[in-house]
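Below: the structure, in structure tokens.
Nothing in this text is a laboratory measurement; each read-out follows from the coordinates by a stated rule. Just so you know, these numbers come straight off a predicted model, no measurement behind them. Virtual Cβ from ideal backbone geometry, glycine too; neighbours counted across all protein chains shown.
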Amino acid sequence: MTGLPASLVGDYVDDYDNRYTITAQEWRQLPRSRHHIVRVDSAGHYLIARNDSSNRTAPNKWMRIDWIALDGMAPYTWGYCYSTWQAPTEAAADTVRVARRDTPRTGCNGYPFTRMRPAPPREPRP
């Protein structure tokens, strides 16, 4: 278990135009979803997070987020799979094994990994 890789930390946009801000402590899918990172397994390429109590979907439940590096898919550099987003406990989230990195187009429980690219700078508000 180690910290979140630097290549995942930052502001991103997925292939559905959703924005994210990811830090070593928090995974945010803007504007409202917050997930508190409690454990990272860099060798296994996944993290375990607790959903914020204010989230509309599955508040206070547990998530497993698996990730994969994407080569040759510029501007996308990596992808993720919400392997589970509503597990009752941290241990239950850790046991979920649906991500299949060898088939990223169908490897997220039959769906593609969500692709991520660096977000363009935000325009300052007047």
Original post:
Pick from Gly107, Gly72, Gly44: which residue has the top mean-square fluctuation in a GNM of the chain where Cα pairs under 10 Å get a spring?
Top reply: Gly72
Subject >> Relative contact order (%) - the range 6-118, alpha-carbon pairs under 8 angstrom, separation at least six >> reply: 20 percent
Original post:
Where in the range 99-115 does the amide nitrogen come within less than 12 Å of the point 7 Å from the Cα of Asp15, taken along Cα to Cβ?
Top reply: 104-108, 111-115
**OP:** Mind giving me the nanometre distance, one decimal, between the label points for Ser7 and Ser53, set 7 Å out from Cα along Cα→Cβ?
**Re:** 3.7 nm
Original post:
Toward the positive end of the charge dipole of the range 5-104, about the Cα centre and with charges on Cβ (Lys, Arg +1; Asp, Glu -1), which of Val40, Pro104, Leu8 goes farthest?
Top reply: Val40
Original post:
Once fully extended, how much extra length lies between Asn60 and Arg32, figured as 0.36 nm per residue of separation less the alpha-carbon to alpha-carbon distance?
Top reply: 8.7 nm
